[in-house]
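Participant: Structure below; questions to follow.
The values are calculated or read from the model by the stated rules, or taken from the named source; none is laboratory data. Only a predicted model underlies this, so the values are computations on that prediction, with no experimental measurement involved. Cβ placement follows ideal geometry from the backbone for every residue including glycine, while neighbour counts extend to all protein chains displayed.
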Amino acid sequence: MQLTDFARYPNLVAMFLDRARLRGDAPMLWAKKQGQWQSLNWNEVADQVCLLARSLRDIGLKEGDRVVLVSENRPEWCIADLAIMAAGLVTVPTYTTNTERDHLHILENSGARAVIVSTPKLAQPLLAAALHAPNVEHVIAIEPLKRMQSGMLAFHEWPHLVSGDAAAARFEVEARAVGIGRDDLACIIYTSGTGGAPRGVRQHHGAILCNVDGAAHVLAEDFGWKDEVFLSFLPLSHAYEHSAGQFLPIGMGGEIHYAEGLEKLGSNIEEVRPTIMVVVPRLFEVLRTRIMKQVEKQGGLGANLMHRALDLAARRAAGHRKLTDPLLNLVLEATLRPKIRKRFGGRMKALVSGGAPLNPDVGLFFQAMGLTMLQGYGQTEAGPVISVNRPRAGIRMDTVGPPLKDVEVAFAEDGEILVRGELVMHGYWRNEVESARTLKDGWLHTGDIGHLDDAGRIMITDRKKDMIVNDKGDNISPQKIEGMLTLQPEIAQAMVSGDKRPYVVGLIVPDAEWALDWAREADEHFDLDALQDLPAFRSAVRAAVDRVNTDLSVIEKVRQFAFADEPFSIENEEMTPSMKIRRHKIRERYGARLDALYRN
């Protein structure tokens with residue numbers, strides 16, 4: 001398929017309908033049902049989108065009304081999202097992990113008149129919040145719900161809303177889509193909130209189209225563009241998956257398979273054999289650890305080849321080479337790498353990392369194993385993709401690549417990254433103060449610090465608001481230290497602290513698998529809480545911290561650490577759904593414990 005001129009589309013709905021006309025009966029959306037992958041083709045999806053759009057108008061929703069969407073990744077998510085926009089309404093995607101309080105904040109702040117929810121389980125906290133939200137009138141259930149005894153809410157069932165005369169409905173949608181412009185609001189995506197209450201980012205149609213255009217050019221120019229297959233895993237309520245995992249495949253006329261969840265991700269990858277996958281760094285860290293453990297346990301030739309592959313990748317990254325490197329590369333291509341690629345389906349063109357910084361060592365590992373790893377950079381406020389590594393510019397794992405097509409990047413005096421272009425949001429929903437602080441003279445102030453390297457790739461050195469400034473005024477990057485700590489087999493999660501303090505301290509969650517192995521070897525009963533009280537166990541973790549310290553400067557070294565009571569998770573509100581730690585929540589819980597480390 002030839003590269004499309006995305007500038008000609010006035011909105012996302014027009015892009016989808018154009019693709020549906022071209023692709024017709026080709027499969028578009030896949031989900032596993034009764035153990036089998038089943039698909040909806042482009043025509044079937046277009047029919048359901050147009051019928052649902054008509055139904056949304058028929059129940060009384062009007063131009064610009066907001067509709068909250070709460071669902072796991074599935075075909076109905078995509079259909080609902082497109083239908084909301086096709087009806088001239090605004091999608092408000094929210095996380096399936098949201099509490100009643102989270103839902104109430106978003107329902108009240110957005111002023112949503114309707115909600116679409118997939119399952120009875122997800123409906124419980126949402127409906128409890130909807131009863132207290134002043135504007136909600138309609139509940140649309142993808143799966144059957146038990147009706148609430150409330151005259152305030154009108155309930156509608158999905159099958160009834162996607163039935164009827166599809167041809168007439170499509171005519172109505174096409175006529176309405178003519179009046180939707182690139183500057184019109186497409187969705188309000190609430191940031192996952194690493195600090196404070198989530199803010200609603202106003203993404204217009206042109207912002208997402210600009211992202212699709214830029215990303216599609218990278219894929220077409222660097223990898224070729226043919227029959228792309230995406231595996232959707234990250235929450236679609238996250239801007240990264242929404243743009244790159246949904247609208248990019250739509251724009252490219254590709255297929256989307258919806259993963260069954262983290263526990264089945266490995267088998268889904270092997271079954272689907274995707275060509276493109278967008279993932280957050282934490283998942284890559286987990287996969288790296290698993291692969292390394294499995295190869296190390298097998299020992300022998302496999303372990304030897306893995307270490308040789310890592311050495312080769314490190315030399316290449318440093319611009320060095322040995323005379324024997326071409327021969328070693330041939331050996332790896334014939335032995336180790338095909339086995340690793342098979343675990344990823346065997347036809348993966350690129351694994352794209354975004355949503356948080358990727359530790360360069362993790363990227364280097366996957367490159368060494370023969371997989372193309374592209375680190376991207378962005379923010380919800382910018383569509384969200386700003387830049388991505390690409391082979392033709394030379395992939396360097398300590399950079400996030402050059403800016404996408406039609407994206408302008410500049411730097412403030414203090415090194416803050418500024419972004420301008422159609423991808424930039426129009427502001428935060430009902431938050432003029434934050435909008436004015438973030439958008440100045442057309443430039444998005446990202447809050448990230450960085451610079452361009454000599455090849456025009458963005459290098460990010462830190463996050464402005466997360467920067468540790470010690471008592472001597474030195475700036476320290478917490479993310480760098482945390483990334484290095486969590487690469488140690490003994491450490492699953494870490495948060496470091498040290499603002500206005502003489503040195504850096506850490507809060508550590510030990511790796512459960514490593515701790516189990518340690519307990520067996522030490523002939524101790526495996527109880528993670530009890531193990532943390534043992535001096536020998538603490539010394540083993542201390543050794544991991546010391547290994548990291550050898551590669552850190554004096555001001556960065558972690559001098560003391562404490563154990564956390566449990567892993568940081570979405571459930572305890574210490575991680576966002578995109579797997580970033582929520583520092584303010586962790587400090588609220590463990591502040592006294594961290595302070596005590598300065599008295600020892």
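Participant: Which members of segment 281-305 meet the condition of being at pLDDT 85 or above and of a type in the set (Gly, Ala, Ser)?
Facilitator: Correct list: GLY300, GLY302, ALA303.
Participant: Now a separate question. Give the number of residues within segment 112-132 that are assigned to a loop (DSSP other than H, G, I, E, B) and at pLDDT 95 or above. Step through it out loud before you land on a result.
Facilitator: Going through segment 112-132, the residues assigned to a loop (DSSP other than H, G, I, E, B) turn out to be 112-113, 118-119, 131-132.
From what is left, the residues that are at pLDDT 95 or above are 112-113, 118-119.
Qualifying residue count, segment 112-132: 4.
Participant: Confirm whether GLY394 is of a type outside the set (Phe, Trp, Tyr) and surrounded by fewer than 22 Cβ atoms within 10 Å (Cβ to Cβ).
Facilitator: On the way: of a type outside the set (Phe, Trp, Tyr): yes; surrounded by fewer than 22 Cβ atoms within 10 Å (Cβ to Cβ): yes.
So GLY394 fits the description; yes.
Participant: For segment 134-154: of the residues being at pLDDT 95 or above and of a type in the set (A, V, I, L, M, F, W, C), which is nearest to the chain's Cα centre (by Cα)? Write out each step before concluding.
Facilitator: First pass over segment 134-154, keeping only residues at pLDDT 95 or above: 135-143.
From the residues that got through so far, the ones that are of a type in the set (A, V, I, L, M, F, W, C) too are 136, 139-142.
On the way: VAL136: 29, VAL139: 28, ILE140: 27, ALA141: 26, ILE142: 25 Å.
Within segment 134-154, the match that is nearest to the chain's Cα centre (by Cα) is ILE142.
Participant: Continuing with the same structure: Taking strands (runs of 3 or more DSSP E) that do not extend beyond segment 380-473, which have at least 3 residues that are within 20 Å of ASP222 (Cβ to Cβ) and not hydroxyl-bearing (Ser, Thr, Tyr)?
Facilitator: Working: elements: 385-388, 408-411, 416-420, 443-452, 458-463.
Hits in segment 380-473: 385-388.
Participant: Look through ALA512, ALA536, ALA530, ALA540 and report the one residue that is among the aliphatic types (A, V, I, L, M), surrounded by 13 or more Cβ atoms within 10 Å (Cβ to Cβ) and out of contact with any Gly (no Cβ under 9 Å at 6 or more places or on another chain).
Facilitator: Numbers: ALA512 fails: surrounded by 13 or more Cβ atoms within 10 Å (Cβ to Cβ); ALA536 fails: surrounded by 13 or more Cβ atoms within 10 Å (Cβ to Cβ); ALA530 fails: surrounded by 13 or more Cβ atoms within 10 Å (Cβ to Cβ).
On inspection, the qualifying residue turns out to be ALA540.
Participant: For the list (1) surrounded by 24 or more Cβ atoms within 10 Å (Cβ to Cβ); (2) farther than 24 Å from LEU153 by Cβ; (3) in contact with a Gly (Cβ under 8 Å, 6 or more places away or on another chain), I need the number of the one condition that LEU12 fails.
Facilitator: Of (1) surrounded by 24 or more Cβ atoms within 10 Å (Cβ to Cβ); (2) farther than 24 Å from LEU153 by Cβ; (3) in contact with a Gly (Cβ under 8 Å, 6 or more places away or on another chain), only one is false for LEU12: (3).
Participant: Only one of LEU56, LEU51 is in a helix (DSSP H, G or I), in contact with a strand residue (DSSP E or B) (Cβ under 8 Å, 6 or more places away or on another chain) and closer than 18 Å to ILE84 by Cα. Can you tell me which?
Facilitator: On the way: LEU51 fails: in contact with a strand residue (DSSP E or B) (Cβ under 8 Å, 6 or more places away or on another chain).
LEU56 is the lone residue from the list that is in a helix (DSSP H, G or I), in contact with a strand residue (DSSP E or B) (Cβ under 8 Å, 6 or more places away or on another chain) and closer than 18 Å to ILE84 by Cα.
Participant: Moving on. Just one of HIS307, HIS320 is free of Cβ contacts under 8 Å to residues at least 60 places away in the same chain and part of a loop (DSSP other than H, G, I, E, B); which is it?
Facilitator: Working: HIS307 fails: part of a loop (DSSP other than H, G, I, E, B).
From the options HIS307, HIS320, the qualifying one is HIS320.
Participant: If you check LEU358, LEU351, which single one turns out to be in contact with a Phe, Trp or Tyr (Cβ under 9 Å, 6 or more places away or on another chain), assigned to a strand (DSSP E or B) and crowded, with 18+ Cβ neighbours inside 10 Å?
Facilitator: LEU351
Participant: What number of residues in segment 324-348 are in a loop (DSSP other than H, G, I, E, B) and at negative phi?
Facilitator: So the count comes out to 5.
Participant: If you don't mind, another one. Test of understanding: among ILE570, ILE555, ILE586, which residue is assigned to a loop (DSSP other than H, G, I, E, B), within 30 Å of THR99 (Cβ to Cβ) and among the hydrophobic types (A, V, I, L, M, F, W, C)?
Facilitator: ILE570
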